[in-house]
Amino acid sequence: MMIGNTVQEQLDNFMQGLKRRNQGQTEFHQAVYEVAATIIPYIYDKPIYQEAAILERLTEPDRIISFRVCWEDDQGNVRTNRGYRVQHCNAIGPYKGGIRFHHDLSLSVLKFLAFEQTLKNSLTGLPMGGAKGGADFNPKGKSDREVMRFCQAFMTELSRHIGPFTDVPAGDIGVGAREISYMFGQFKRIANEFTGVMTGKGLAFGGSLIRTEATGYGAVYMMEDMLKHHGHTLEGKTAVVSGSGNVAEYTVEKVTQLGGKVVTMSDSGGFIYDPDGINEEKLAFIKELKQVKRGRISEYAKEFEVEFHAKQGPWAVPCDLAFPCATQNELNGQDAETLIKNGCLAVSEGANMPTEQEGVKAFQKAKILFAPSKAANAGGVAVSGLEMTQNSMRLSWSREELDQRLRQIMMDIHSQCVEYGTENGEINYLKGANIGGFIKVADAILAYGII
Ligand code: NDP
């Protein structure tokens with residue numbers, strides 16, 4: 001039961017309790033606040049959700065597993081890292097969510113990601129619960145053999161906690177095709193079974209077409225739907241994109257295919273500004289640079305003789321559309337004000353929670369079309385869900401079929417945002433995505449009784 005007479009009192013009391021139980025976990029507080037601020041008004045006059053303490057239960061993970069990962073580097077030194085899996089909620093399907101390898105990964109970040117994943121997976125309409133995992137391992141500068149040994153050691157413990165009907169991990173920051181292959185190989189060896197226990201696998205061993213592209217393509221489809229709904233098109237628009245990893249690359253590819261022009265990409269070293277646009281040929285250079293050579297984005301500036309701005313995000317570059325696709329909290333209130341001042345029309349979040357709370361407020365105040373990550377980047381997990389279906393049926397759909405399904409799922413997510421987020425004739429996409437994702441999970445939790 002929520003404590004307090006007004007919505008604001010209930011929100012304040014709820015957040016106080018959450019912060020007390022999860023001290024110092026600022027990213028987790030931020031993600032929960034963004035959801036609670038729209039869900040508490042929604043359940044205020046719905047005693048069925050209040051009496052069953054649904055929001056309290058939905059903000060406490062089912063379980064958190066933490067473990068030591070020991071491996072040997074190329075010089076024969078023994079190295080130790082910490083691995084995690086946050087199994088947040090399996091009310092509507094097996095736990096599902098990515099694995100992140102990043103040197104400063106914290107439990108707070110994983111808890112926010114697992115919580116968001118639960119609502120996002122619900123929005124896709126597919127039967128998947130929410131989870132997230134990873135390790136404070138930095139793959140940068142490591143040899144292939146070191147990455148292989150780390151992935152094998154990580155999976156040796158993780159394999160006890162996952163399974164095709166239990167928990168199905170995928171990739172995320174620092175975990176791409178190479179890492180998924182090493183981890184899946186080790187699982188197969190330990191379990192002596194070939195099952196769809198991970199998604200994002202190679203095509204030769206149960207992977208799905210379109211999975212690699214899905215998150216970026218989905219973020220652009222969401223943008224296309226938002227623009228269309230408001231009488232605009234993507235064609236001829238100038239876009240800024242941050243990041244140069246999986247999500248960013250395929251965001252750039254789809255914007256370009258649909259007639260837009262992307263003028264920036266970035267990594268943690270800074271951003272490049274290419275006023276002529278990052279065309280197919282230049283994007284091929286980036287894919288090779290990032291996926292094969294594992295180099296830095298500054299090398300693009302040298303290759304194509306364009307500007308490189310060290311240690312900055314690309315938000316001061318004038319644009320019509322913005323796609324933050326690197327990491328959490330990469331776009332602050334000041335960046336949002338700059339985008340608005342420069343005439344930006346719409347933002348679609350490819351990364352998870354890339355906009356700080358002040359930035360979200362600024363976009364909403366200025367009535368910028370703003371698709372929050374749980375809606376905008378759901379395409380990746382949606383195709384992961386389709387990969388699970390294909391693995392269970394032991395068949396593979398064609399690229400066209402999968403792209404059509406992805407397109408339809410993104411349209412359905414947009415419709416849910418419109419259905420639950422319309423207020424005074426305008427669409428609050430954040431509210432719509434939160435409520436749309438919440439209802440199905442909440443109804444399942446209610447149906448199970450108190451467990
Ligand atoms: P990648 O590892 O492929 O790429 C991450 C990109 O972000 C790199 O360019 C990286 O630069 C940059 N980056 C990472 N940390 C920082 C930082 N602190 N400051 C600036 N740049 C940074 O990851 P993905 O593309 O897979 O993931 C990007 C985002 O999208 C994440 O928020 C992830 O959770 C989200 N996402 C991913 C999905 C997927 O299918 N892969 C699905 C849904 C969401 P550098 O190389 O210098 O570190």
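The values are calculated or read from the model by the stated rules, or taken from the named source; none is laboratory data. From a predicted model like this one, the values you see are computed outputs, not experimental measurements. We place every Cβ from the backbone using ideal geometry, glycine too, and count neighbours over all the protein chains shown.
Here are the numbers:
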item	result
Which numbered condition ALA219 fails, given (1) assigned by TED's automatic domain parsing to the domain that holds CYS319; (2) away from the ligand (no atom under 16 Å from the Cβ); (3) aliphatic (A, V, I, L, M)	(2)
Meets criteria (surrounded by fewer than 21 Cβ atoms within 10 Å (Cβ to Cβ) and at pLDDT 95 or above) for ARG79	yes
Tally, over region 297-326, of residues that are free of Cβ contacts under 8 Å to residues at least 60 places away in the same chain and either touching a helix residue (DSSP H, G or I) at 6+ places or on another chain (Cβ under 8 Å) or away from the ligand (no atom under 15 Å from the Cβ) (or both)	12
Sole residue being within 30 Å of THR422 (Cβ to Cβ) and either in a loop (DSSP other than H, G, I, E, B) or modelled with pLDDT under 95 (or both), chosen from THR215, THR233, THR251	THR233
Complete set of residues in region 181-190 that are of a type outside the set (S, T, N, Q) and without any contact (Cβ under 8 Å) to a residue 60 or more places away in the chain	TYR182, PHE184, GLY185, PHE187, LYS188, ARG189, ILE190
Index of the failed condition, GLY277 passing every other in (1) surrounded by fewer than 24 Cβ atoms within 10 Å (Cβ to Cβ); (2) more than 14 Å from the ligand (Cβ to nearest atom); (3) more than 21 Å from ILE409 (Cα to Cα); (4) in contact (Cβ under 8 Å) with a residue 40 or more places away in the chain	(4)
Residue in region 165-178 that is in a helix (DSSP H, G or I) and within 18 Å of the chain's Cα centre (by Cα) present	yes
Qualifying residues in region 367-399 (those that are closer than 16 Å to GLY436 by Cβ and hydrophobic (A, V, I, L, M, F, W, C)) - the one surrounded by the fewest Cβ atoms within 10 Å (Cβ to Cβ)	PHE370
All positions within region 183-199 that are over 21 Å from GLY385 (Cα atoms) and assigned to a helix (DSSP H, G or I)	GLN186, ARG189, ILE190, ALA191
In region 327-366, residue surrounded by the most Cβ atoms within 10 Å (Cβ to Cβ) [restricted to those that are under 14 Å from the mean Cα position of the chain (by Cα) and either outside the structural domain of THR264 (by TED's automatic domain parsing) or among the polar types (S, T, N, Q) (or both)]	SER348
Hey, ALA53 touching a residue at least 24 places away in the same chain (Cβ under 8 Å), crowded, with 19+ Cβ neighbours inside 10 Å and not hydroxyl-bearing (Ser, Thr, Tyr) or not	no
Helices (runs of 4 or more DSSP H) wholly inside region 299-388 that include at least 1 residues being at positive phi	none
Residue match in region 432-440 (condition: more than 17 Å from ASN121 (Cα to Cα) and more than 16 Å from the ligand (Cβ to nearest atom))	no
Residue within region 379-400 that is basic (Lys, Arg) and out of contact with any Cys (no Cβ under 9 Å at 6 or more places or on another chain) present	yes
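Residues are listed down the side, and each one gets a yes or a no for (1) under 23 Å from PHE67 (Cβ atoms); (2) near the ligand (Cβ under 10 Å from one of its atoms):
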{"position": "GLY98", "(1), (2)": "yes, yes"}
{"position": "HIS102", "(1), (2)": "yes, yes"}
{"position": "LEU113", "(1), (2)": "yes, yes"}
{"position": "SER122", "(1), (2)": "no, no"}
{"position": "GLY125", "(1), (2)": "no, no"}
{"position": "ALA135", "(1), (2)": "yes, no"}
{"position": "LYS140", "(1), (2)": "yes, yes"}
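So that you can scan it fast, the table gives a plain yes or no per residue for (1) out of contact with any Pro (no Cβ under 7 Å at 6 or more places or on another chain); (2) on the phi > 0 side of the Ramachandran plot; (3) away from the ligand (no atom under 16 Å from the Cβ):
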| position | (1), (2), (3) |
| --- | --- |
| THR212 | yes, no, no |
| HIS229 | yes, no, yes |
| LEU234 | yes, no, yes |
| TYR250 | yes, no, no |
| PHE271 | no, no, no |
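Residue-by-condition table, conditions (1) touching a strand residue (DSSP E or B) at 6+ places or on another chain (Cβ under 7 Å); (2) without any contact (Cβ under 8 Å) to a residue 24 or more places away in the chain; (3) surrounded by fewer than 23 Cβ atoms within 10 Å (Cβ to Cβ):
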position: CYS151; (1), (2), (3): no, no, no
position: LEU158; (1), (2), (3): yes, no, no
position: ASP167; (1), (2), (3): yes, no, yes
position: ASN192; (1), (2), (3): no, yes, yes
position: SER208; (1), (2), (3): no, no, no
position: TYR217; (1), (2), (3): no, no, no
position: TYR250; (1), (2), (3): no, no, no
position: GLN257; (1), (2), (3): no, yes, yes
